[in-house]
Amino acid sequence: MALKPTIYKIKIALSDLDRQFYDTLNLTLAQHPSETIERMMVRVLVYCLNAQEHLEFTKGLSSVDEPDLWARSLDGQLMLWIDVGEPSYERIKKATRQAKAVKVYSFNSKSAVWWQQGQNKFSTLNASFFRFQWESIQSLASLQQRTMGMSVTITGESAYFAMDSGDCEVTWEALQTTQ
């Protein structure tokens, strides 16, 4: 019998000071049986960083042909492709042909090695790359609960999370950005 995903309900009071974007988000998120809590919480963080109309979680790990998140226009065009983790050069190259904008967010202890090994090839792609600090992602993951209410404030390259279970700050660096 196949394992089923774990479902999380998350209510977020989002304040993105840089984009002057303020919203209350009600998310239902499925954690794939093979997905770590850290990765799932990175998907929540990435959703907050890119919050916009039509942004949605995809099947993620359940479908190799889809990103973790995407935004489609009303006429079905793929406007934004977001991958979480350390995808291959070929996957990102394919994504740049399908979407108007591509973003990759790496987060784990192998992230620096992945970037160092692929940086020269990645620089040829029209994609943006970001790396979260692993220790701060671990702190964020330690706060997770099946039903969460949180306040997220984003400014600069930092997101501050306040929840009933505690608070933490997640920082990141832009490795490569496109206009």
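Here, each number is a calculation from the coordinates, and none is a lab measurement. Every value quoted in this text rests on a predicted model; they were computed, and no experiment measured them. Note: ideal-geometry Cβ built from the backbone for every residue, glycine included; neighbour counts use all protein chains shown.
Determine which single condition Asp68 fails, assuming it passes every other condition in (1) touching a residue at least 40 places away in the same chain (Cβ under 8 Å); (2) crowded, with 19+ Cβ neighbours inside 10 Å; (3) of a type outside the set (A, V, I, L, M).
(1)
I need the full set of residues from segment 147-176 which are farther than 18 Å from Cys48 by Cα and either hydrophobic (A, V, I, L, M, F, W, C) or assigned to a loop (DSSP other than H, G, I, E, B) (or both), in order please.
Listed by number, the residues that qualify are Asp164, Ser165, Leu175.
Answer yes or no: is there a residue in segment 43-52 that is within 26 Å of Ala162 (Cα to Cα), touching a Leu at 6+ places or on another chain (Cβ under 6 Å), surrounded by 13 or more Cβ atoms within 10 Å (Cβ to Cβ) and touching a residue at least 40 places away in the same chain (Cβ under 8 Å).
There is at least one residue in segment 43-52 that is within 26 Å of Ala162 (Cα to Cα), touching a Leu at 6+ places or on another chain (Cβ under 6 Å), surrounded by 13 or more Cβ atoms within 10 Å (Cβ to Cβ) and touching a residue at least 40 places away in the same chain (Cβ under 8 Å).
Quick one: in segment 91-112, which of the residues that are in contact with a Leu (Cβ under 7 Å, 6 or more places away or on another chain) and aliphatic (A, V, I, L, M) is farthest from Arg131 (Cα to Cα)?
Per the stated criteria, the residue is Ala99.
Take the residues in segment 1-29 that are surrounded by fewer than 18 Cβ atoms within 10 Å (Cβ to Cβ) and either under 19 Å from Phe107 (Cβ atoms) or aromatic (Phe, Trp, Tyr) (or both); name whichever of them is nearest to the chain's Cα centre (by Cα).
Applying the filter and picking the extreme gives Leu27.
Which fully enclosed strands (runs of 3 or more DSSP E) of segment 12-107 have 1 or more residues being of a type in the set (Phe, Trp, Tyr) and in contact with a Phe, Trp or Tyr (Cβ under 6 Å, 6 or more places away or on another chain)? Lay out the reasoning, then the answer.
Working: elements: 21-31, 55-57, 69-72, 78-84, 101-106.
So the answer is 69-72, 78-84, 101-106.
Out of segment 162-179, which residues are in contact (Cβ under 8 Å) with a residue 60 or more places away in the chain and within 24 Å of Ile7 (Cα to Cα)?
Val170
Which of the residues spanning segment 8-41 are under 16 Å from Met150 (Cα atoms), charged (D, E, K, R) and out of contact with any Ser or Thr (no Cβ under 6 Å at 6 or more places or on another chain)?
Scanning segment 8-41 gives Lys11, Asp16, Asp23.
Could you list all residues from segment 112-134 that are part of a strand (DSSP E or B) and among the hydroxyl-bearing types (Ser, Thr, Tyr)?
Correct list: Ser128 only.
As an exercise: evaluate Ser139 against (1) part of a helix (DSSP H, G or I); (2) within 18 Å of the chain's Cα centre (by Cα); (3) over 20 Å from Tyr8 (Cβ atoms) and give the number of the one condition it does not meet.
Checking Ser139 against (1) part of a helix (DSSP H, G or I); (2) within 18 Å of the chain's Cα centre (by Cα); (3) over 20 Å from Tyr8 (Cβ atoms), the one that fails is (3).
Checking Thr6 against (1) farther than 23 Å from Glu157 by Cβ; (2) of a type in the set (Val, Ile, Thr); (3) free of Cβ contacts under 8 Å to residues at least 60 places away in the same chain, only one condition comes out false. Which one?
It is condition (3) that Thr6 fails.
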